[in-house]
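Below you'll find the structure, written out as structure tokens, and then a few comments.
The values are calculated or read from the model by the stated rules, or taken from the named source; none is laboratory data. Just so it is clear, the structure is predicted and the values come from calculations on it, not from any experiment. Don't worry about glycine lacking a Cβ; one is built from the backbone with ideal geometry, like all the others, and counts go over all protein chains shown.
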Amino acid sequence: MERFIDRIIIFLLTVFVGQKIMTDRYLIVVLYSILSVAFFDFFLLFKTVQKDHMRLELLSEKIAFVLQIITALTPFFDKNLVIMVPIALYGAVIIRNYFVGALAILTVFNFSSHTDSISIILYVDLLLIIAFYLSVKSGRNDKLKKAVNSLRDESVIKADELKRKNSELIQARDDEVYLVRLKERNRIAREIHDNVGHMLTRAILQLGALITICSDETFKEGLNELKNTLDTAMNNIRNSVHDLRDEAIDIPTAIDDITVPLKEDRKLNVEVDISSDVDKDIKYAIIGVVKEAVSNIIKHSTNENVDVTLIEHPAMYQLVIHDYGIKGSSSEEGDSMDLSGMGLDNIRARINGVGGNVLITHNDGFRIFVTIGKREI
């Protein structure tokens, strides 16, 4: 927009100077020509002013280059057409058309040598200086705008990056707090089981012995009621311990612990991407499948690579256990592998118990593919 206004200013000054050196009819024709050149040059160089460097790369720039030269040469055919040179000079500064700059100096010198009016010469010189100044000023403003936009874009990128890193830190903190909470629940469950649970069990056994040897029916009835109370307390504690342990199960940690033996002589790749909000039955099923699969791999497989992948999708959980890459010469043994063993039947039973599906193949090593649908709450 600033470039457009510059050309309007140059055109209005050209009208003023043209009135001093031309007749009305001739002036109107020249002014229309200048106006046409100004707007045509504006549209030709519209993309150029948005670039970081000014080079004759676009076809529009090459056309503008030729148009500027033709416009600057017109005063050599009629010296009064010198008023067309400023608009050509303005565009020439944009694309670094130094040839037009030299022509502008020669044109002014030629006009000055054939004109006796000092005031008109000064008007023409001032008009050229203004055109040059406006073009340079707008060019600097364009660079400043680009620099400001670049800084703004960079600040937006850095803000997004900072937001992402903050989100990662918050997630890492939440994961750490979650793991600490799980460890604390495990500790509490263990303490209750080892201390309170054992003491209650001992008290119940002692009370049972007292009831057996007690001959007073009235006193024995009170002991039975006390034993029932202790049995109820023991059951409640046992349920609470089980609930704590169920909530404290962390699938990624459990899978890492289970697959430790595979790291000794195999190339193990474990990928787990699952939330902590998983039904306890599904947790036990997944962990049970991994335990059974790892046990089978250790006992029967001679393959070199093992992949364990557990991914949570919007509607299901997907578990893939794949061992492949023969370490020895056991490919024929793999092709004749029995897929109906007790361990594999246990895997199928676990998955079927939580409404999932399991596919076991041995085309490329041994592969267990499990899908378990999420349960609606």
Residue pairs within 9 Å by beta carbon, gap of at least six or interchain, first lying in the range 57-69 and within 13 Å of residue 101 (Cα to Cα), second surrounded by fewer than 17 Cβ atoms within 10 Å (Cβ to Cβ), listed first then second, are 65/56; 65/99; 68/99; 69/99
Within the range 1-55, restricting to residues that are of a type in the set (Asp, Glu) and within 54 Å of the chain's Cα centre (by Cα), the one that is modelled with the lowest pLDDT is 52
Scanning the range 331-377 for residues that are at pLDDT below 75, in a loop (DSSP other than H, G, I, E, B) and under 18 Å from residue 295 (Cβ atoms) gives 337, 338, 339, 340, 341
Checked pairs for the range 315-332, first at negative phi and among the acidic types (Asp, Glu), second modelled with pLDDT of 90 or more and surrounded by 17 or more Cβ atoms within 10 Å (Cβ to Cβ), C-beta under 7 Å and 6 or more apart or across chains, list as 323/306
